[in-house]
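The values are calculated or read from the model by the stated rules, or taken from the named source; none is laboratory data. Quantities reported herein were computed from a predicted structural model and do not represent experimental measurements. Cβ placement follows ideal geometry from the backbone for every residue including glycine, while neighbour counts extend to all protein chains displayed.
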């Protein structure tokens, strides 16, 4: 079986600046994969490259199909869904209506069934399904402007889910959330993946990423410097050096104080 996402040699340049350099990354079926790195490492640029919002070289395959030459809307139609760091919601529509809009237009057979047999419109059915999937029924009739930041983030994820994606790309979903909201988000994301939705997660919340991901990739200055399980990444001196701004030679994974350093990274106090 082909991976849900297979990126090989993905590179992006902005003039003389190489934002990404030959990045290889895979998201297997039923896997939650993390992509981390200090500020400016190229994480969002990678998602932009995968989704077609920046010009990139290299190969991008979605469920075995080469999509690197396709525009963003075609990639989305094939099942590639993403969220953005800024929450893009229609504040004059209810949460339910936001999800219905994201559900898109029905196919011709679906339209026929809705008209002839009185079947519930596809967009409404998708909205109901996603509301139940993320336990958002209690805010279905609320306007997004009345919600907490944590709930708004969940609605943003719900909008992406309403398109019935085959792969979900999340860009900083925990930004601005408190510890309780981040833990709640982690539980919901893990449940989505365990339910069959492969996901790539970008976030600076190390507690979240290390706690729920199956595998983690680490970028620094546009280059992939590590890949492995959360335990392997946590003990990798190159990763800790990238976050703390020191050389890998100076970092011993088991040295006294290393656990404290990772705690600082996890709390965001060591981010660059």
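Please determine whether any residue of the range 220-235 is part of a loop (DSSP other than H, G, I, E, B), closer than 28 Å to residue 78 by Cβ and in contact (Cβ under 8 Å) with a residue 12 or more places away in the chain. Outline the logic, then answer.
First, the residues of the range 220-235 that are part of a loop (DSSP other than H, G, I, E, B): 221-222, 229, 235.
Add one more test, that the residue is closer than 28 Å to residue 78 by Cβ, and what stays is 222.
The next check asks that each one be in contact (Cβ under 8 Å) with a residue 12 or more places away in the chain; those that pass are 222.
Yes, some residue in the range 220-235 is part of a loop (DSSP other than H, G, I, E, B), closer than 28 Å to residue 78 by Cβ and in contact (Cβ under 8 Å) with a residue 12 or more places away in the chain.
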**Checklist (1) more than 21 Å from residue 221 (Cα to Cα); (2) in contact with a strand residue (DSSP E or B) (Cβ under 6 Å, 6 or more places away or on another chain); (3) part of a loop (DSSP other than H, G, I, E, B) applied to residue 54, failing item** = (1)
**Item:** Qualifying positions in the range 188-206 - in a helix (DSSP H, G or I) and in contact (Cβ under 8 Å) with a residue 12 or more places away in the chain
**Value:** 188, 189, 190, 192, 193, 194, 206
**Complete:** Within the range 15-28, restricting to residues that are modelled with pLDDT of 95 or more and either in contact with a helix residue (DSSP H, G or I) (Cβ under 9 Å, 6 or more places away or on another chain) or not in a strand (DSSP E or B) (or both), the one that is nearest to residue 197 (Cα to Cα) is 28
